[in-house]
Structure formats: structure tokens, C-alpha cells
1. Identify all residues within segment B:175-186 that are surrounded by 24 or more Cβ atoms within 10 Å (Cβ to Cβ) and either of a type in the set (Asp, Glu) or closer than 21 Å to residue A:344 by Cβ (or both); write none if there are none.
2. Being under 22 Å from residue B:101 (Cα atoms), in contact (Cβ under 8 Å) with a residue 12 or more places away in the chain and more than 8 Å from chain A (Cβ to nearest Cβ), is that true of even one residue in segment B:188-208?
3. Checking the structure you have, find out if any residue of segment B:43-53 is touching a strand residue (DSSP E or B) at 6+ places or on another chain (Cβ under 8 Å), of a type outside the set (D, E, K, R) and modelled with pLDDT under 80.
4. Go through segment B:218-231 and give me each residue that's among the acidic types (Asp, Glu) and part of a helix (DSSP H, G or I).
5. Looking only at segment A:172-224, count how many residues are within 14 Å of chain B (Cβ to nearest Cβ), within 15 Å of residue A:245 (Cα to Cα) and polar (S, T, N, Q).
6. Out of all the residues in segment B:266-282, which are at positive phi and either part of a loop (DSSP other than H, G, I, E, B) or of a type in the set (Ser, Thr, Tyr) (or both)?
7. Would it be correct to say that residue A:330 is in a helix (DSSP H, G or I), free of Cβ contacts under 8 Å to residues at least 40 places away in the same chain and of a type outside the set (A, V, I, L, M)?
8. Any residue that is of a type in the set (D, E, K, R) and more than 11 Å from chain A (Cβ to nearest Cβ) - is there at least one of those in segment B:151-164?
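The values are calculated or read from the model by the stated rules, or taken from the named source; none is laboratory data. Only a predicted model underlies this, so the values are computations on that prediction, with no experimental measurement involved. Positions of Cβ are backbone-derived with ideal geometry, glycine not excepted, and every protein chain shown enters the neighbour counts.
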Amino acid sequence: MRLGRLVCGAVTVLSLTAANSSGSPAASVPDDPPTTAWTLAVWQHVPGKADGALATVAAIPHWRAANALRRREIVEDRQFLVRALVLHTDLAIVQRQAAEQRGTSPGERAGAGSFVVEDGTATGRREGSPHWAVAMQIAVILATWRHADAHPDAPPDADARRIALSWFHTVNALFLHWAEGSLRYVDTGLRHYPDDAGLHLYRGAVHQMFADGRVQQFLTGDADARGQSDAPQSAAVERARAESDLRRALELDPTLTEARIRLAHVVGDGGQPGEAVGLVQEALRAGVPPFFETYATLVLGRNLVRIGRLDEALAAFDRAATLAPAAQAPRIGRSQVALAAGRTADALRALTDARGPERAGPAAAEEWAIYFRVHDPTATVQLAALRAEIK
Amino acid sequence: MRRSTRPGAATPAWPLWLVPLAVPAALAASSAGPQQPLFSARVDSVRVDVDVRRHDRPVPGLTASDFEVLDNGVPQKVELMASSAAPIDVVIVLDTSRSLDARQRAHLSAAGATLIDALQVGERAALVTFSDRIDIRSLFSSDAPALKALVATPTPTGDTALNDAAHAAMVVGTAATGRPIVILFSDGADTASFLDDRAVLDTARRTGSVVCAVTLGDKEGVLPELADLTGGVFMKESSLARVARRFAEILESFRRRYLVSFTPTGVTGEGWHTLTVRVKGGGQVRARSGYWAGPAASPR
């Protein structure tokens, strides 16, 4: 069963104890029964599968795992830590999916967890999984991990650090993919990897999301949300923060094309369309995957309109329409260009011409609406790479 | 569409827009009565719908000499035109985003139908619905049953692309042969548009529709500014059940507006022209705050 199909309770603890094929943890198993079960599950979990190991750990209070992670014999075993990292990540994903399937009700408005926002209005809250925190605890251990035999002044193990960084990248990409805004994981990641371009890119994308109209409308009307300590700020503040992070990402890695496109979007909306045009043109010259080409071309078009380069803007919107025939934004853009050029009939025709294919569903949503959710590489690819760390 | 006329309701009212030479002939052919030629053979004419009130009541019986119009500060010679010469073309814009429940959508459909029923002979309606997608359901038509059927047809729900919808509605308004007015309902501010506030205000400057908007609740977005710029009205309503009445009031009030016309004199240049409209004897005057001149259409 793939993770996406798991509903808690569909698997049993019994199936876990019968299977122990992935390693031999005997030397490091503590004698506390729940901790023992957790340790066994860590060794038995098959990455990406909704197996019995996940059910076992789901049944154990998460704080037991957190406590166990303070034991020396556990933190000294890098392989175990990596396995535990993947297991708790998988479990958090499963629990998120289960919470999503349960949905929300108005009665959950006052509860804990994430706000569920639809069309700028909070419709409920969704319970979060405590296993994200456990996984992050493990990632932090790995970020500073040294082999037991290493000299105290030796740098942390490079491989462990690389895997921990991969986790921070993956989790932030996942949360953005789900349109769940959280600074917790990216801020923690940046404390341990302050010069990582990818993490600055993700934090920039989170702030970009916080500046989005959907979030801003929600904040306008929701006093509860505004009162949260990590609540998004005004669009202008969030745009400034996004700009800062995205510029830093590009300083650290000038080849980070996604950061360049996002920065163009942010600075264009912040009143610097000329700079936005330069940035996005440079990104497009470097070559980008299909989604980013559509997104970048739309950013290019809207900023070319702002500086009055209408012929080039029209070419950009034509390109976007070719890349995404079902998208609405290129047609709106073409209409805007025609109107600015004094061609009102063309402006109307751009809106009424036969559309391309209809959207297939939320996954094929309007490109302009999902810009903060898509990354290169995608969250799915990054998650697969993280799971593949378990040899 | 109700085929009735309102005796004594001939007071003109229009939005402002720049009228190119080719338009008057088409307009005269399609809707103007033969006794009331709208335009002489002039290069351009600017028309402004003007609402004049004293003590919050419409002021009837004004003549051209009662109006003072300044184009970029330069006084203009104005004419007053009869509204019967150019009937109203109304663009109905309805928000179908997911924040409206089924009952609210039913109220909104009823409000749209009420508006269509209120149209008089020669008046037409276009229909735009929107959530995150903009759907131009009908261009200007006098086929009331067909329009009402469209209003009653459920549409997909999603986020609120209010700015994009307002842009589309004003562009649809450019196809008007009569006096274009956009009557828009939204239950919230924009959450999903490609166009930002500045862009949609730019559309308002470059098109001629008067934009009147009714919203539910406190979220209003760019709508008050849009209404102010185009000489329209912005209303907040606490219940969707009352939106139908608001729509009818807007239409009725629009019919009572004066239609002031002038050929720009002593002003040159493309771009934005600021308009000042005053009435002798004072009063509350509502009219577009300006108009866009040029650029000349370029071939594509």
C-alpha cells in the first residue's frame, strides 16, 4: 500500500513484530517496551510504505521517541538515525493525509493545528502531526553528528549533514506543495545551514506565499490568525522578507533559476518592474522546466506591461498560452496589452476566443495560482531521494 | 426582458468615454431614435454620465448651461443629450466563488434575474460570472429568457478573481452601443487574480463603463476606488437577500443620470485627462474622474 492510501488502523502492530528483515538492532535496543517497539519499527520500516512499522510508531506516544533520541546508544548510530528520520517523516505524511480525509468542521475553529483557508476565509483547523517535530529533532542531531571515534574538534560528519539538509529541503518543499505555510522548519534549517541557498529559496517562497492575496485576505478578516506569534505580516512586509531571502539565495548560488524567477515576481509586485524583467529574462535564458517557463513567462509579461513594452509583453503572453493552453492568465494578459495599445476589439477577442482544454482538476490548476507550490526539483522527487538514503 | 417603458423617465445618464468617429453612425443605426442624432461629424466626443443630487435626492430639469466641465482644468462647451437616444447596456457580474453557499448562490441568481427583468425596451445585458475562472457567459443581448437561463445555471466555484473579472467586465463594456454600466456583486476581496489593483484601475481609465459594485461583508478590495474612478457607486450589504433590490436601485438611478457631452477643446495629448464636473447651484455630483485619450490603434 502506498502512503497515500493509508488510513490509520488499516495496518496492525502484529504485522510489525513478525517482520524484522532490515537490520539487526539488538545491541542498541533499550529495555523499555514502547521504546523497544519503536526501535524495532525503525529498523523494519520500508521507506514510502504504509506498513506495520508506521502503525506501531503511531500507537506509541511521540514523546517516547523524543526521549529515546536522548540516549547515547541511539544517537551514535547514524544508520539508525537516518532510518528514524525517514520513518517519522513518512508517519507525519500519513497522519496529515488522514487528517485531510477527516476534513474540518466549524467546531474545530478554536482547536490547535493549521488554519484551513478557502477563498481567503478560514473554514477550520487541521490537526498537525507531532512526528514532524520528532523528525526535525533527528535532522538536527544528524546536522551536528560525529562518529563516536571522531576527535571532539572534528567537523560534523559530512554525509550525515548532507542527509539532514536533504530532509530540511524536502520538508519545506512538501509544505509549500501542500500550500501549508510554516517558517518553523526552514528557520531551524537555516540555523544549522545559514549559507544554504536552497533553504533561503524556500524561506523566500514561504514569505512569497504569505504575501499572496489568499493569505492576506484571511488575515484581514481573522483576529485569531493575526494573534499567532508566527503569523504572516502585511503583504509589503512579507514581500520585503521574500526579496531578502531570494537575493541571499542568488548570492549563494547564482545558478538557482527558481530563486531568480521568484525574485522577479516579488520585486515586480513591489514596484520594480524593470528589474523584474531583467531577472526573469536571465532565468529564461538559463533554461527552466515547463512549469517554471510558464510561470516565468507570465511574470515577464505582466512586468513588461508595467513598463509599457507592449509588443514584448504580448509575445510573452502568447508563449505562456502555448505552454499552458488551458490557462486563463495569458488571455487576461493579452487583453490587457490590447487595451493598452488602444485595440479594444482585440482586448475583448482575447477574452472570448475559444479556450484551450479545460483544467483536469486541482492538480492542473491555473499556473498563476500555484506558483508557490511548485519547486525544482519537486517535493516528490526530493522525498524519493531522501527515502533512497536508506540503503 | 420586460418590454415596458417608464413615462417621464427620460433624464439622460451615461458613462463617459471617448467616441471615435465611426461609432455614432453605428449607434444611430442600432438604437438611437431618428429625431435625436447623438453626434455630429466630429473627430471625438467625450460623454459623461453625471448623477446630480441635492439633499441626497436626484435633481431633475437641469440644462446644459447648468453644467460646468473642465478637461485638464480647461473649461469645455457642453451639450446635454437625451438618454432615450442610447439605451443602457449593462454588464452583470456575479461572484460564484466557494465562499458562497448554495442558498446564497440562489439569492444571487435571483438578483441577476431581477436585474434582467428590469431592463427596458432597447436595453441589453451581458453576463460575466467568476470564481478563480472568468466566464463571459453572454455578450450584450436583449434575449431575456436566455440571459436568465444563464444566470440560473450553476457554475464551478473556486477562489475569487475579482480584479480579473472586473477587467473582463469593463472590456465587455467596450462593445456597448449604448451606455455601458457594470453592475458587480462580490462577497469578498480578490484572492486569485492575475491583475493587481493598479492594472484593473488602468483598465477602468481606458474603458468607458461606469462600475457599480455591491459587496457582502467588510472585504471590499479595489471596488470603492474603481467605483469612484468611473463615477459609479459602491455599496456594502449585510444580506444577499437584499442584493436584488440594490441592483434595481442602481439601474434605476443610472437611468436618471444626465448625459453630458463635449468635444475636447484647448487640450491636447494622449493619456489621462482629468475631468471636473460641477453644477450651478451646487449639489453632490458623481461622474468619472477622467478619460483616456489614445493611443491610436496599432495593427497587430
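1. Within segment B:175-186, B:176, B:179, B:180, B:181, B:182, B:183, B:184 qualify.
2. No, the conditions are met nowhere in segment B:188-208.
3. Looking for residues that are touching a strand residue (DSSP E or B) at 6+ places or on another chain (Cβ under 8 Å), of a type outside the set (D, E, K, R) and modelled with pLDDT under 80, one finds none in segment B:43-53, hence no.
4. Matches in segment B:218-231: B:225, B:228.
5. 0
6. Selection gives B:266, B:269, B:281, B:282.
7. On the way: in a helix (DSSP H, G or I): yes; free of Cβ contacts under 8 Å to residues at least 40 places away in the same chain: yes; of a type outside the set (A, V, I, L, M): yes.
Judged against the criteria, residue A:330 is a match.
8. Within segment B:151-164, none of the residues are of a type in the set (D, E, K, R) and more than 11 Å from chain A (Cβ to nearest Cβ).
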